[in-house]
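Presented below is the structure to which this report refers.
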Amino acid sequence: MDNKKRKISILGSTGSIGRQSLEVIEKLHDRFEIVALTAGSNTELLREQAERFKPKYICSNSSPESLKGSHNAKILQGNEGLEEICSNRENDIILVAVSGKIGLKPTLKAIENGIDIALANKETLVMAGDIVMKKAKEANVNIIPVDSEHCAIHQCIKDISQVEKLIITASGGPFLNKTVEEMKSATVSQALAHPRWNMGQKITIDSATLMNKGLEIIEAHHLFNMPYEKTDVVIHPQSIVHSAIEYVDGSVIAQLGLPSMHIPIQYAICYPQRFEGIKSKSFSFSEIARLDFEKPDFDKFPALNLAYNAGKTGGSATVCLNAANEEAVFAFLKDEIKLYDIYEITEKMMEKHTPVKSPSIDEIFEIDNEIRLLTRENIKQRNFIK
Ligand code: NDP
Ligand code: MG
């Protein structure tokens, strides 16, 4: 990065990761220049962000008129707009912080154009990790993970060939110390009350079911080319150790820090440099005093086995896992099903699905659509709706 400003676009600047990335960039304003900011439907916030950060391009799913008259950025629209931004080689790096499958195609476009990626969007790797990582390697494009666990591992690894296993930490979410019965009768607001992290709704529910950790196991497999057998999950309620690796000689290297997404976001968009940036306070072991670890309860949180199985099966199995889970989460958020139904529905969809071994991007989207339809039908037919 040196003295030159790094040119960055943020896909999903109005979301939880997107807003925090702008806080980081505001602190490091002399080091970044914003090429583009994008939203889904929150055009009001996008207008405010455009006024403040003066990007060259803004993009949303709403009509271009709704963004007119704010700042004189070029107004783009929809998925084509996202892909146009990712084809713009002015960008040094693109932060992909949209939620859902919408992140996949723009990420591939950025790779095609040789643009480095700070990747928050999980679905990109869960749906198409084989293709994305292969293309990134061929194009010599860096994919720097924003997700705190993968960002931690990225910081720990020097030589992947000498790593014996990955140890991914999980806070355990709001139901860690609740019984299965309490989990079964949980309300939407109880499931949204995450004890450590303030995130978008979908990922917060995934954190309550531990499906988030399941998706992270799959992400880790692709990012670090590590077999599933060598990827462990450990519950660590304080969220101070963000993940660790064990080397073949028994040495364990962990990355620690206060639980704030600002740190991994900053790491990813500044990589390989580091700056003081937004750091709020210094880390103190004595203030933290204790760090707890325990084995995850695979019976109480079936998402972990579902994810390990999908990952080991490979091919389109993870597409199915992701689509079925997401539709079930949406149904739960609408209060149509119970929290535990998410597992049951996802498992049923996984059983029904015959995995395709190496699906193309088009096949991935077809399968994704098909599974979503089936999942919604299943929710209706099986009288999940209360
Ligand atoms: P949010 O729901 O808070 O934000 C999502 C962003 O994507 C918003 O800017 C939203 O726009 C935009 N968006 C949503 N749908 C579309 C669409 N169809 N077209 C264009 N833009 C769209 O999510 P998070 O910030 O929590 O998460 C983003 C991604 O990062 C997810 O994949 C998540 O799993 C991952 N992640 C998040 C973490 C966190 O701490 N939040 C941690 C690790 C990973 P609008 O505001 O207009 O709706
Ligand atoms: Mg995470």
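Applying a 10 Å radius around every beta-carbon, put 359-367, 59-67 in order of their mean neighbour count, most first. Write down the numbers at each step before the final one.
Working: 359-367: 15.7, 59-67: 17.4.
The most tightly packed comes first, giving 59-67, 359-367.
If you count, for each residue, the other Cβ atoms within 10 Å and average over each peptide, how do 216-224, 345-353 line up from highest to lowest?
Numbers: 216-224: 24.1, 345-353: 19.1.
Sorting 216-224, 345-353 by mean packing, highest first, produces 216-224, 345-353.
For the stretch 112-244, what is the percent of antiparallel DSSP beta bridges, rounded to the nearest 5? Intermediate results must be reported in sequence, preceding the final value.
Details: 1 of 9 bridges.
Antiparallel: roughly 10 percent of the beta bridges in the stretch 112-244.
How charged is the neighbourhood of Ala120? Take every other residue with its Cβ under 15 Å from the Cβ of Ala120, and add Lys/Arg as +1 and Asp/Glu as -1.
On the way: positive: Arg19, Lys101, Lys122, Lys202; negative: Glu23, Asp116, Glu123, Asp147, Glu149, Asp206, Glu216, Glu219.
Here the charged neighbours net out to -4.
Could you tally the net charge around Gly315, taking each other residue with its Cβ under 9 Å from the Cβ of Gly315, Lys/Arg +1 and Asp/Glu -1?
Working: positive: Lys357; negative: Asp130.
So the environment of Gly315 carries a net charge of 0.
Among 78-89, 286-297, 256-267, how do they line up by average Cβ neighbours within 10 Å per residue, starting with the highest? Numbers along the way, then the final one.
Working: 78-89: 18.4, 286-297: 10.8, 256-267: 20.7.
The packing order, highest mean first, is 256-267, 78-89, 286-297.
With every protein chain left in place, what is the accessible area of Val163 in Å² (1.4 Å probe, nearest 10)?
Surface open to solvent at Val163 totals about 10 Å².
Hand me the trypsin sites (Lys or Arg not before Pro) from the stretch 108-215 located in a DSSP loop with no more than 12 other Cβ atoms within 10 Å, in residue order please.
Values: sites: Lys109, Lys122, Lys134, Lys135, Lys137, Lys158, Lys165, Lys178, Lys184, Arg196, Lys202, Lys213; in loops: Lys122, Lys158, Lys178, Arg196.
In loop regions of the stretch 108-215 (DSSP not H, G, I, E or B), the sparsely surrounded trypsin sites (Lys or Arg not before Pro) are Lys158.
Nothing charged except the Cβ atoms of Lys and Arg (+1) and of Asp and Glu (-1): what's the magnitude of the dipole of the chain about its Cα centre? Round to the nearest 20 debye.
Numbers: 46 positive and 52 negative charges, 137 e Å.
In debye, rounded to 20, the chain gives about 660.
Give the carbon-plus-sulfur fraction of the accessible surface of the stretch 1-158 in %, rounded to a whole number; probe 1.4 Å, heavy atoms of protein chains only.
Values: 2800 of 6630 Å².
Using a 1.4 Å probe with all protein chains present, the stretch 1-158 comes out at 42 percent carbon and sulfur.
Helix-derived [θ] at 222 nm for the chain: sum -39500 (n - 2.57) over DSSP H runs of at least 4, divide by residue count, nearest 500?
-13500 deg cm²/dmol
Have a look at the DSSP beta bridges in the chain and tell me what percent are antiparallel, nearest 5. Walk me through the numbers on the way to the answer.
Numbers: 10 of 38 bridges.
Counting DSSP beta bridges with both partners in the chain, the antiparallel share is about 25 percent.
When ligands, DNA and RNA are left out and all protein chains stay put, how many square angstrom of accessible area per residue does the chain have with a 1.4 Å probe?
Details: 17350 Å² over 386 residues.
For the chain, the solvent-accessible area averages 45 Å² per residue.
Report the local net charge at His242: Lys and Arg +1, Asp and Glu -1, summed over other residues whose C-beta lies under 10 Å from its C-beta. Can you show the working numbers first?
Values: positive: none; negative: Asp147, Glu149.
Once all neighbours under 10 Å are counted, the net charge is -2.
Give a residue-ordered list of calculated ³J(HN,Hα) values for the stretch 147-164 (Karplus: 6.51 cos²θ - 1.76 cosθ + 1.60, θ = phi - 60°; whole Hz; x for Gly, Pro).
Karplus-based 3J(HN,Hα) across the stretch 147-164 equals 3, 4, 5, 6, 5, 4, 5, 4, 6, 7, 7, 9, 9, 4, 5, 9, 8, 7 Hz.
The values are calculated or read from the model by the stated rules, or taken from the named source; none is laboratory data. The shown structure was predicted, so the numbers you read here are calculated from the model rather than taken from an experiment. Glycine also receives a Cβ, built like all others from the backbone with ideal geometry; neighbour counts cover every protein chain displayed. Ligands, DNA and RNA are excluded from the accessible area calculation, which covers all protein heavy atoms including side chains. Shrake-Rupley method; radii C 1.70, N 1.55, O 1.52, S 1.80 Å.
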